[in-house]
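S.K.: Below is a structure I'd like to ask you about.
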Amino acid sequence: MNTLAPWIARQLEALLAQRGHAWLLQGPSGLGQFELAEALVRAWLCDAPTLPAARGSLPPEGALAALGRPGDGSDTPTPQGACGQCASCHGIDVHTHPDLVVLMPETDMIARGWPLPEKAQSDIDDKKRKPSKEIRVDAMRDAIEFAQRTSGRGRGKAVLVYPAERMNQVTANALLKTLEEPPGHVRFVLATDAAHLLLPTIRSRCLGHTMLWPAADETLPWLTGQGIAAEEGAALLRAGGGRPAEALALAQSKDSARRWAMLPRALARGDMGALADLPQPEAVARLQKLCHDLMALQVGAAPRFFDPADLPGQPLPPHALTKWWQQLAQSARTADYPLNPGLATEFLVSSARQALNSRH
């Protein structure tokens, strides 16, 4: 198990000190919603969760009592987190824990290495359909049936839903009753960066937690601890809008800080290589960040994603930036399903070039 970032560990300890059977973790993307959700279910299911040093250690046979029953008002000391050594922690590491169900879009499950249900995997292998980008209702129904069964390891059960906004209305409605009246020792954690897209009835049945931004003085040391040079890490942090998870993702995708810094000039030249090899949603997102910073400069605000020295030296006309922003918003709606990816990228570069060279 990877060591949690310090700001995630602090939030985990705070959440474990509270009682409840369903949590909704919400906030902007890149703040570690999935990492915190996974840490929660690890602690809930761990055979020997750790305790603050001042409160002593907990024998394994008391682990379930330490987690407490939802709403039972137990005064038993609350664990800080999972031990990372027991059979339960190992089961989560290898994605085979019998008392944990992870509900994600099939595309996300595949990307993160989580196994699909047997029938879903068979349908995809047989080319009957493509992996779903939504959380399918049949997967939710399987999770509800799982919630009714007895715990396999006697430590309770957990259901993790991420990103929760990928539930359509049918899937969300299937979850509602179980979320309101969970059977036995089952707990839910839903994580999202678009809570406004969730049904109000889903939000009202969960205890809410807004993800905290990490302190400025701990993000760069954390990135260097992941093997990223300090100078590169500082530039990627800017590219990620101050969100270390996004900066780390950029580094892992082999994107260099230099490529990011050169993006505005490359687009101004109409260089197609500026967006080469990027999925359409990521290409649109990068252009939106650039447009955001240029619009911020128009009103005297500091850019968030780019160094001011990397942006055009002359102010750009507001009407040109507004038009470009509208074009990008339209492109974002169809980015997941471009009819012709090559032509879509060509349009993105062309519209960026036009906006960046506007003078009146």
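The values are calculated or read from the model by the stated rules, or taken from the named source; none is laboratory data. Everything numeric here is computed off the predicted structure, so don't read it as measured data. Here the Cβ is made from the backbone with ideal geometry for all residues, glycine too, and neighbour counts use every protein chain on show. Ligands, DNA and RNA are excluded from the accessible area calculation, which covers all protein heavy atoms including side chains. Shrake-Rupley method; radii C 1.70, N 1.55, O 1.52, S 1.80 Å.
S.K.: Give me, ordered by chain and number, the residues 5 or more places off Leu207 or on other chains with an amide H under 5 Å from its own placed amide H.
M.R.: Result for Leu207 returns Ala22, Trp23, Leu24.
S.K.: For the charge dipole of the chain, defined by +1 on Lys and Arg C-beta atoms and -1 on Asp and Glu C-beta atoms about the Cα centroid, which residue among Val41, Leu160, Gly225 has the Cα displaced farthest towards the positive pole?
M.R.: Among Val41, Leu160, Gly225, the one farthest towards the positive end of the dipole of the chain is Leu160.
S.K.: If you don't mind, another one. Just to confirm, what accessible area per residue do you get for the chain at 1.4 Å probe, in whole Å²?
M.R.: Details: 17840 Å² over 360 residues.
That works out to 50 Å² per residue.
S.K.: Please state the shape class of region 97-241: rounded when a/c is under 1.5, otherwise prolate if a/b exceeds b/c and oblate if not, all from the C-alpha gyration tensor.
M.R.: On the way: a/c = 1.90, a/b = 1.53, b/c = 1.24.
Prolate is the answer for region 97-241, as a/c is 1.5 or above and a/b outweighs b/c.
S.K.: A further question follows. With the crude spin-label approximation of a point 7 Å out along Cα→Cβ, what separation in nm comes out for Ala276 versus Ser256?
M.R.: Once both label points are built, they end up 1.3 nm from each other.
S.K.: A follow-up question, please. Net charge near Leu294: determine it from the other residues with C-beta under 14 Å of the C-beta of Leu294, scoring Lys and Arg +1 and Asp and Glu -1.
M.R.: On the way: positive: Arg265, Arg286, Lys289, Arg304, Lys323, Arg353, Arg359; negative: Asp293, Asp307, Asp310.
With Lys, Arg at +1 and Asp, Glu at -1, the neighbours total +4.
S.K.: Continuing with this model, one more query. Once both labels are modelled 7 Å past Cα along the beta-carbon direction, what's the Asp125-Glu180 spacing in nm?
M.R.: 4.0
S.K.: Now, a different point. Looking at Gly242, Gln327, Ile92, which one has the Cα that reaches farthest to the positive end of the dipole of the chain (charges on Cβ: Lys, Arg +1; Asp, Glu -1)?
M.R.: Farthest towards the positive pole: Gln327.
S.K.: Also, I was wondering about something else. Would you grab the residues whose amide H sits under 5 Å from the one on Arg187? Only those 5+ places off in sequence or on another chain, please, with H modelled 1.01 Å from N.
M.R.: Correct list: Lys157, Ala158, Val159.
S.K.: Follow-up question, since we're still on this one. With a 10 Å radius around each residue's Cβ, average the other Cβ atoms per peptide and rank 316-327, 101-112, highest first. Intermediate values should be presented prior to the final figure.
M.R.: Numbers: 316-327: 15.9, 101-112: 19.0.
Put in order of decreasing packing, that is 101-112, 316-327.
S.K.: Continuing with the same structure: Give me the lysines in straight-line cross-link reach of Lys127: C-alpha distance below 23 Å, same-chain residues under 8 apart excluded.
M.R.: Filter leaves Lys119.
S.K.: Show the residues, 5+ positions off or on another chain, whose built amide H is closer than 5 Å to the amide H of Glu134.
M.R.: Glu106
S.K.: Counting only Cα, what are the radius of gyration and maximum Cα-Cα distance Dmax of region 313-360, in Å?
M.R.: Taking only Cα atoms of region 313-360, I get Rg and Dmax of 11.9, 36 Å.
S.K.: In addition: Summarise the accessible area of the chain (1.4 Å probe, protein heavy atoms) by the percent that is carbon and sulfur.
M.R.: Details: 9520 of 17840 Å².
Whole-percent figure for carbon plus sulfur exposure: 53.
S.K.: Classify region 263-360 from the C-alpha gyration tensor, please: rounded if a/c falls under 1.5, else prolate or oblate depending on whether a/b exceeds b/c.
M.R.: prolate
S.K.: For the chain, what is the mean residue ellipticity at 222 nm derived from helices alone (per DSSP H run of n ≥ 4: -39500 (n - 2.57); sum divided by total residues; nearest 500 deg cm²/dmol)? Before the final figure, lay out the partial values.
M.R.: Details: 16 runs with 173 residues, N = 360.
-14500 deg cm²/dmol, from helical runs alone.
S.K.: Additional query: Within a Cβ distance under 15 Å of Leu100, other residues only, what is the Lys/Arg minus Asp/Glu net charge? It would help to have the intermediate numbers written out before the result.
M.R.: Numbers: positive: Arg42, Arg112, Arg149, Arg153, Arg155, Lys157, Arg187; negative: Glu38, Asp47, Asp93, Asp99, Asp142, Glu145.
Net charge in that neighbourhood comes out at +1.
S.K.: For region 81-177, take the alpha-carbon Rg, divide it by the Kirkwood Rh, and send me Rg/Rh. Don't jump to the answer; show the numbers that get you there.
M.R.: Details: Rg = 14.0 Å, Rh = 14.4 Å.
Rounded to two decimals, Rg/Rh equals 0.98.
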